[in-house]
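Novice: Take a look at the following structure, please.
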Amino acid sequence: MNPDRRPLIAANWKMHKTLGEAVAFVESIQEQTGPCADREVLIAPPFTALRGISGKLSLHGYSLGAQNCHWEQKGAFTGEISAAMLKDMGCAYVIVGHSERRQLFGETDETVRLKTSAAIGAGLAPVVCVGEALEERERGDAFEVIGRQLEGAFQGLGPERMNGVVIAYEPVWAIGTGRTATPGQAQEVHAFIRSRISSIFGKAIEKSVRILYGGSVKPSNVDALMAEPDIDGALVGGASLEVGSFKSLIQFNV
Ligand code: PGA
């Protein structure tokens, strides 16, 4: 963690929680943790809970995000949601290119690029996810894969559009498996991502861009991960679903 970048602890609820459960969670987590001055908390519920909790995330430091968007502004795209619609719901962020969407729903570097650009255009901060599969890591290809995903996501974007953009490094082999990258493994990739961002966008963006780690982050490993200089936060699935464990993550110590 670097004090120049405000740490971001993000809950990716995936396909969990009804509206009632989501509302109860955000009321309880805010009551238990209070306002956040030196860190930011992001809740990304299913689309169906966005409206219901947007007015309830009232404490300082809490933000709302969505888990996906479409890249077109409007049109005949049955079942899709535009970035402007998310903004209208009170979202500040949208997760783009999560590995589950890449693996299960045909997301490609090109659709990630289109969504990233659409999100920025609508005034949202995209949380752009990158990460290698286990076979790619074992073959020694992790950096090449991540480099390609970064170039794909940000192709054609100028540095002036990168303000607020967040990157999440999520090794696919660590998501939902209980197997976390060691702080050293995560730091190595975060440093690589930062240097690649520097070569694409220059030093100012390199210094300001927040890079989250995701993949089995839990109360027992969050402090060690957050102590690394290039880890600026966490994107959390499983451990974000219970108030007790998410509260411990928000209250990480470095
Ligand atoms: P996990 O999920 O914390 O359950 O591993 C992280 C993610 O998919 O964003």
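The values are calculated or read from the model by the stated rules, or taken from the named source; none is laboratory data. This one's a predicted model, so the numbers in the text were calculated from it and none came from an experiment. Every residue, glycine as well, gets a Cβ built from its backbone with ideal geometry; the counts of neighbours run over all protein chains shown.
Novice: Collect the residues in the stretch 223-254 that are in contact with a Phe, Trp or Tyr (Cβ under 8 Å, 6 or more places away or on another chain), free of Cβ contacts under 8 Å to residues at least 60 places away in the same chain and within 11 Å of the ligand (Cβ to nearest atom), keeping them in residue-number order.
Specialist: Ala239
Novice: Condition first: outside any loop (DSSP other than H, G, I, E, B) and without any contact (Cβ under 8 Å) to a residue 24 or more places away in the chain. Now tell me which residues in the stretch 120-151 satisfy that. Explain how you work it out, then say what you get.
Specialist: First pass over the stretch 120-151, keeping only residues outside any loop (DSSP other than H, G, I, E, B): 120-121, 125-130, 134-138, 142-151.
Listed by number, the residues that qualify are Glu135, Glu136, Glu138, Glu144, Val145.
Novice: Moving on to the next point. With the checklist (1) within 16 Å of the ligand (Cβ to nearest atom); (2) buried (at least 16 other Cβ atoms within 10 Å of the Cβ) in hand, flag the one item Arg196 doesn't pass.
Specialist: Here Arg196 clears every test but (1).
So that you can scan it fast, the table gives a plain yes or no per residue for (1) more than 16 Å from the ligand (Cβ to nearest atom); (2) more than 19 Å from the chain's Cα centre (by Cα):
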{"site": "Ala10", "(1), (2)": "no, no"}
{"site": "Leu19", "(1), (2)": "yes, yes"}
{"site": "Ala22", "(1), (2)": "yes, no"}
{"site": "Thr33", "(1), (2)": "yes, yes"}
{"site": "Lys56", "(1), (2)": "yes, yes"}
{"site": "Leu64", "(1), (2)": "yes, no"}
{"site": "Gln67", "(1), (2)": "no, no"}
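Novice: Identify, by number, the condition in (1) of a type in the set (Ser, Thr, Tyr); (2) over 22 Å from Gly140 (Cα atoms); (3) under 18 Å from the mean Cα position of the chain (by Cα) that Thr180 doesn't meet.
Specialist: Among (1) of a type in the set (Ser, Thr, Tyr); (2) over 22 Å from Gly140 (Cα atoms); (3) under 18 Å from the mean Cα position of the chain (by Cα), Thr180 violates only (2).
Novice: Go over the candidates Gly215, Gly244, Gly238, Gly176 one by one and state the one that is at pLDDT below 95 and under 23 Å from Phe25 (Cα atoms). Give the steps one after another, and end with the answer.
Specialist: Working: Gly215 fails: at pLDDT below 95; Gly244 fails: at pLDDT below 95; Gly238 fails: at pLDDT below 95.
None of the other options fit; the residue is Gly176.
Novice: I need a count of the residues in the stretch 120-147 that are more than 18 Å from the chain's Cα centre (by Cα), surrounded by 18 or more Cβ atoms within 10 Å (Cβ to Cβ) and of a type outside the set (Gly, Ala, Ser).
Specialist: Qualifying residue count, the stretch 120-147: 2.
Novice: State the number of residues belonging to the stretch 209-254 that are among the small types (Gly, Ala, Ser), surrounded by fewer than 21 Cβ atoms within 10 Å (Cβ to Cβ) and assigned to a helix (DSSP H, G or I).
Specialist: Total satisfying the criteria: 6.
Novice: Would a scan of the stretch 39-54 turn up a residue that is among the charged types (D, E, K, R), farther than 19 Å from Gly123 by Cα and away from the ligand (no atom under 16 Å from the Cβ)?
Specialist: We begin by selecting, within the stretch 39-54, every residue among the charged types (D, E, K, R); these are 39-40, 51.
From the residues that got through so far, the ones that are farther than 19 Å from Gly123 by Cα too are 39.
Then keep just the ones that are away from the ligand (no atom under 16 Å from the Cβ); that gives 39.
Yes, there is a match, as at least one residue in the stretch 39-54 is among the charged types (D, E, K, R), farther than 19 Å from Gly123 by Cα and away from the ligand (no atom under 16 Å from the Cβ).
Novice: Within the stretch 201-208, is even one residue more than 15 Å from the ligand (Cβ to nearest atom) and either crowded, with 21+ Cβ neighbours inside 10 Å or part of a loop (DSSP other than H, G, I, E, B) (or both)? Can you show your working first?
Specialist: Keep residues of the stretch 201-208 that are more than 15 Å from the ligand (Cβ to nearest atom), which gives 201-208.
When the remaining residues are screened for being either crowded, with 21+ Cβ neighbours inside 10 Å or part of a loop (DSSP other than H, G, I, E, B) (or both), the result is 202.
Looking for residues that are more than 15 Å from the ligand (Cβ to nearest atom) and either crowded, with 21+ Cβ neighbours inside 10 Å or part of a loop (DSSP other than H, G, I, E, B) (or both), one finds at least one in the stretch 201-208, hence yes.
Novice: Collect the residues in the stretch 158-188 that are within 15 Å of the ligand (Cβ to nearest atom), touching a helix residue (DSSP H, G or I) at 6+ places or on another chain (Cβ under 7 Å) and aliphatic (A, V, I, L, M), keeping them in residue-number order.
Specialist: Of everything in the stretch 158-188, those that are within 15 Å of the ligand (Cβ to nearest atom), touching a helix residue (DSSP H, G or I) at 6+ places or on another chain (Cβ under 7 Å) and aliphatic (A, V, I, L, M) turn out to be Ile167, Val172, Ile175, Ala181, Ala186.
Novice: Looking at the stretch 152-177, I want the residues that are without any contact (Cβ under 8 Å) to a residue 12 or more places away in the chain and within 24 Å of Ala122 (Cβ to Cβ) and have a partner that is of a type in the set (Phe, Trp, Tyr) and away from the ligand (no atom under 16 Å from the Cβ) with Cβ atoms under 8 Å, at least 6 apart or on another chain. Which pairs are those?
Specialist: Once the first residue is without any contact (Cβ under 8 Å) to a residue 12 or more places away in the chain and within 24 Å of Ala122 (Cβ to Cβ) and sits in the stretch 152-177, no partner that is of a type in the set (Phe, Trp, Tyr) and away from the ligand (no atom under 16 Å from the Cβ) comes close enough.
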